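To start, the structure under review is shown below, and the notes come after it.
The values are calculated or read from the model by the stated rules, or taken from the named source; none is laboratory data. Since we're looking at a predicted model, the values are computed, not measured. Positions of Cβ are generated from backbone atoms using ideal geometry, with glycine treated the same way; all protein chains shown enter the neighbour counts.
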Amino acid sequence: MIKIIENIPTKRIAVKLRPSAEKMVKKGHPWVFTDSIAKQNIDADVGDLIIIYDNKKNNFLACGFYDPYSPIRIKLIQFKKPAQINEEWFAVTVTKAFEIRKALLITDTNSYRLLFGENDHLPGCIADVYDTVLVIKLYSHIWFPYLNWLVTHLVRVSGCMTVVLRLSRLLEAKGDTYGLSNGQILYGELEDEVVVFKEHGVLFSANVIKGHKTGYFLDHRHNRKRVGELSKDKRVLDVFSYAGGFSVHALYGGAKKVISLDISKQALQMAQENVALNMHIGSHEIIVADAFEGLQNLIDQQQLFDIVVIDPPSFAKRENEISKAKKSYARLAKLGAHLVSRNGILVLASCSSRVTAEDFFNISEENIEAAGRNFDILDKTTHDEDHPIIFPEGAYLKCGYYKLN
Ligand code: SAH
């Protein structure tokens with residue numbers, strides 16, 4: 001076993017829930033909020049194993065871990081069938097997660113999300129693989145007592161040589177991190193914090209220590225491949241480009257001109273480095289600008305593109321931001337529609353889980369029309385296959401492909 005952390009003792013605690021929460025758990029929902037706990041036999045500490053029993057029959061319903069730092073007080077990992085939560089449980093859970101990703105790994109791809117939190121029965125725990133480097137990102141303290149088992153089995157299934165720990169800002173701000181810090185190497189060595197990896201034959205690099213989340217966004221892989229395949233001889237605008245995910249695929253696919261637009265100069269530098277990793281003949285330009293202003297400038301210059309991709313960051317991180325987020329999606333769809341040439345394609349994405357797919361697509365479509373454009377819907381997609389979804393809040397990504405007449 002890989003030993004990172006000294007043994008942290010945990011207890012087992014029996015809990016009963018209020019009826020409405022019990023109903024959700026019976027459906028397999030992994031979150032129990034603080035005010036849903038009706039009865040608890042003893043006080044719990046972070047990472048304690050909580051066993052939830054049925055109110056009427058006292059049967060096992062689910063079990064999970066106690067998180068005193070989160071309003072989601074119990075994070076569930078196992079439903080219906082009781083199980084010993086031991087090293088074997090982690091071995092089986094991580095192996096199952098790896099099995100789901102196997103089909104993707106037959107493609108020319110060596111970067112994938114091996115653990116997608118709740119959706120792989122490990123709430124608040126993400127593991128992304130970049131070639132031989134695995135980045136484990138924790139959003140909850142509940143994983144510290146189980147980290148040795150987790151890392152051992154992640155290394156076993158993935159064959160990775162290095163494991164990097166990333167901690168969310170909220171996690172670092174509260175509670176004990178047992179001497180572990182963000183960016184720490186947990187296993188093996190990291191020669192360079194910039195790791196090169198492949199996505200459907202296209203090379204990218206990610207800074208696994210300083211990059212957003214774990215360094216790169218893997219969820220759009222299939223959408224980027226698709227944009228690449230549509231790009232031969234095309235002019236492509238990639239808005240909110242970050243490290244150039246869509247831009248690089250477009251150039252690799254034979255685009256004659258690609259513009260990456262982002263507010264972050266650092267992100268655009270990464271985009272340029274990623275472009276340089278791959279063979280291409282088309283030109284690549286960058287625009288450092290706020291997307292709303294940058295798009296308006298391009299419209300004022302009467303520029304047109306065959307493909308415009310708009311993939312903004314989450315606009316609704318909180319409940320009270322939803323209506324503002326919707327307005328931003330509306331503005332972006334309208335601005336984008338003005339920049340697409342006749343028969344060109346507008347690709348609109350949203351990663352705000354609080355804005356439903358239905359609302360997002362409706363807003364997008366209303367605003368393409370408001371820009372005076374008719375359209376055909378080519379496709380609507382969600383996450384790539386290494387992001388399985390088991391509960392409604394797990395689904396955040398939506399992406400619409402519109403052909404504008
Ligand atoms: N499309 C990317 C991921 C986008 S992440 C991919 O496929 O990998 C969101 C990006 O939006 C970040 O790079 C961030 O710097 C940028 N961003 C945030 N606010 C912005 C704004 N107002 N204008 C332009 N870019 C912005």
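Out of (1) assigned to a loop (DSSP other than H, G, I, E, B); (2) more than 21 Å from the chain's Cα centre (by Cα); (3) within 16 Å of the ligand (Cβ to nearest atom), the odd one out for L335 is which?
Of the numbered conditions (1) assigned to a loop (DSSP other than H, G, I, E, B); (2) more than 21 Å from the chain's Cα centre (by Cα); (3) within 16 Å of the ligand (Cβ to nearest atom), the odd one out for L335 is (1).
Cβ-Cβ below 6 Å, separation at least six or inter-chain, first residue in the stretch 1-22 and at negative phi, second crowded, with 19+ Cβ neighbours inside 10 Å and charged (D, E, K, R): which pairs?
Listed by first residue and then by second, the contacts come to T10/D48; K11/D48; I13/D48.
Tell me which residues, restricted to the stretch 262-283, are away from the ligand (no atom under 15 Å from the Cβ) and outside any loop (DSSP other than H, G, I, E, B).
Selection gives A276, S283.
If you check K16, K96, which single one turns out to be of a type in the set (D, E, K, R) and assigned to a helix (DSSP H, G or I)?
It is K96.
Conditions tested, residue by residue: (1) assigned to a loop (DSSP other than H, G, I, E, B); (2) over 22 Å from I389 (Cβ atoms); (3) small (G, A, S); (4) modelled with pLDDT under 95.
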{"site": "V25", "(1), (2), (3), (4)": "no, no, no, no"}
{"site": "D35", "(1), (2), (3), (4)": "no, yes, no, no"}
{"site": "V46", "(1), (2), (3), (4)": "yes, yes, no, no"}
{"site": "N58", "(1), (2), (3), (4)": "yes, yes, no, no"}
{"site": "A62", "(1), (2), (3), (4)": "no, no, yes, no"}
{"site": "F65", "(1), (2), (3), (4)": "no, no, no, no"}
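Output the residues belonging to the stretch 300-313 that are of a type outside the set (D, E) and either surrounded by fewer than 17 Cβ atoms within 10 Å (Cβ to Cβ) or within 12 Å of the ligand (Cβ to nearest atom) (or both).
Q301, Q302, Q303, L304, V309, I310, P312, P313
For the stretch 314-344, what are the residues that are touching a Lys or Arg at 6+ places or on another chain (Cβ under 9 Å), among the hydrophobic types (A, V, I, L, M, F, W, C) and surrounded by fewer than 20 Cβ atoms within 10 Å (Cβ to Cβ)?
Matches in the stretch 314-344: F315, I322.
Name the strands (runs of 3 or more DSSP E) wholly inside the stretch 155-259 in which the number of residues that are crowded, with 24+ Cβ neighbours inside 10 Å and aliphatic (A, V, I, L, M) is 1 or more.
Here the list reads 162-167, 194-199, 202-207, 235-239.
Is one or more of the residues making up the stretch 314-332 in contact with a Ser or Thr (Cβ under 9 Å, 6 or more places away or on another chain), assigned to a strand (DSSP E or B), closer than 19 Å to V347 by Cβ and modelled with pLDDT of 95 or more?
No - not one qualifying residue is present in the stretch 314-332.
List, please: which pairs have Cβ atoms under 9 Å, are six or more places apart or on different chains, and start with a residue in the stretch 238-256 that is basic (K, R) and end with one that is surrounded by fewer than 24 Cβ atoms within 10 Å (Cβ to Cβ)?
Close Cβ pairs (under 9 Å, with a partner that is surrounded by fewer than 24 Cβ atoms within 10 Å (Cβ to Cβ)) amount to K256/K232; K256/D233; K256/K234; K256/R235; K256/I281; K256/G282; K256/S283.
Could you list, in sequence order, the residues of the stretch 195-223 that are free of Cβ contacts under 8 Å to residues at least 60 places away in the same chain and away from the ligand (no atom under 12 Å from the Cβ)?
I209, K210
For residues that are more than 11 Å from the ligand (Cβ to nearest atom) and either aliphatic (A, V, I, L, M) or in contact with a helix residue (DSSP H, G or I) (Cβ under 6 Å, 6 or more places away or on another chain) (or both), tally how many sit in the stretch 251-261.
Residues that pass the stated criteria total 6.
Of everything in the stretch 20-41, what is more than 25 Å from T177 (Cβ to Cβ) and of a type in the set (V, I, T)? Give them in sequence order.
If the condition is that a residue be more than 25 Å from T177 (Cβ to Cβ) and of a type in the set (V, I, T), then V25, I37 are the ones that fit.
Checking the conditions here, which among A103, A91 is in contact (Cβ under 8 Å) with a residue 40 or more places away in the chain, over 24 Å from L167 (Cα atoms) and assigned to a helix (DSSP H, G or I)?
A103
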